[in-house]
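Input: a single structure, listed below in structure tokens.
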């Protein structure tokens, strides 16, 4: 609706073949949050195990794929959609949100990015829901925890209570630079999605 450029695929490792006995699940994770919070860095760290200080701002949407051997019966193809921070909450089309769950990111060194979290979460909840009408699973990533020396936001609330009250399934202090909790946060989200179907 807002004339965003088309999605651009990030380089993707060659996926492992699916055995005849395994079923395949495609999961779509929207990685959303304000401009400059580290969404692209998180996705690149998770998919390619690399970090760069030099990213250009995402224009429109990029996506990357990681294949997980979930169990002996299931292969999960995890699509991570990197949504440009300048898309802003409220302006993203429902097409992006279709059949998605959320990983919401803020920058622990910039309070304004935390203050925007509930607006992004509200946008997610208003555009996609589970079949029973409940909100889709979303995890909160408090990114750039490696920058403690430079000073983190002193006024952050207790995130356990904030997440419980705001409908997040959990939260993680993350650092794409130091590879802190990226894997754990994404796995928490995937486990939550998979458990809905058991």
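The number of residues in segment 20-73 that are out of contact with any helix residue (DSSP H, G or I) (no Cβ under 8 Å at 6 or more places or on another chain) and part of a strand (DSSP E or B) comes to 8. Of the helices (runs of 4 or more DSSP H) contained entirely in segment 100-174, those carrying at least 3 residues that are under 21 Å from residue 80 (Cα atoms) fall at 117-127. Applying the selection to segment 59-80, what residues are buried (at least 17 other Cβ atoms within 10 Å of the Cβ) and either more than 25 Å from residue 22 (Cα to Cα) or at pLDDT below 75 (or both)? Hits for segment 59-80 are 60, 61, 62. Any chance segment 141-148 includes a residue that's in contact with a strand residue (DSSP E or B) (Cβ under 7 Å, 6 or more places away or on another chain) and surrounded by fewer than 18 Cβ atoms within 10 Å (Cβ to Cβ)? So far as segment 141-148 goes, yes, one or more of its residues are in contact with a strand residue (DSSP E or B) (Cβ under 7 Å, 6 or more places away or on another chain) and surrounded by fewer than 18 Cβ atoms within 10 Å (Cβ to Cβ). Selection of segment 97-140 for residues being over 26 Å from residue 79 (Cβ atoms) and touching a strand residue (DSSP E or B) at 6+ places or on another chain (Cβ under 7 Å) yields 108, 114. Restricting the first member to segment 95-115 and to residues that are on the phi > 0 side of the Ramachandran plot and without any contact (Cβ under 8 Å) to a residue 12 or more places away in the chain, and the second to residues that are crowded, with 23+ Cβ neighbours inside 10 Å and part of a loop (DSSP other than H, G, I, E, B), no beta-carbon pair is closer than 9 Å while six or more apart or on different chains.
The values are calculated or read from the model by the stated rules, or taken from the named source; none is laboratory data. It should be emphasised that the depicted structure is a prediction, and the values quoted were computed from it without experimental measurement. No Cβ is skipped: glycine too gets one built from the backbone with ideal geometry, and neighbour counts run over all protein chains shown.
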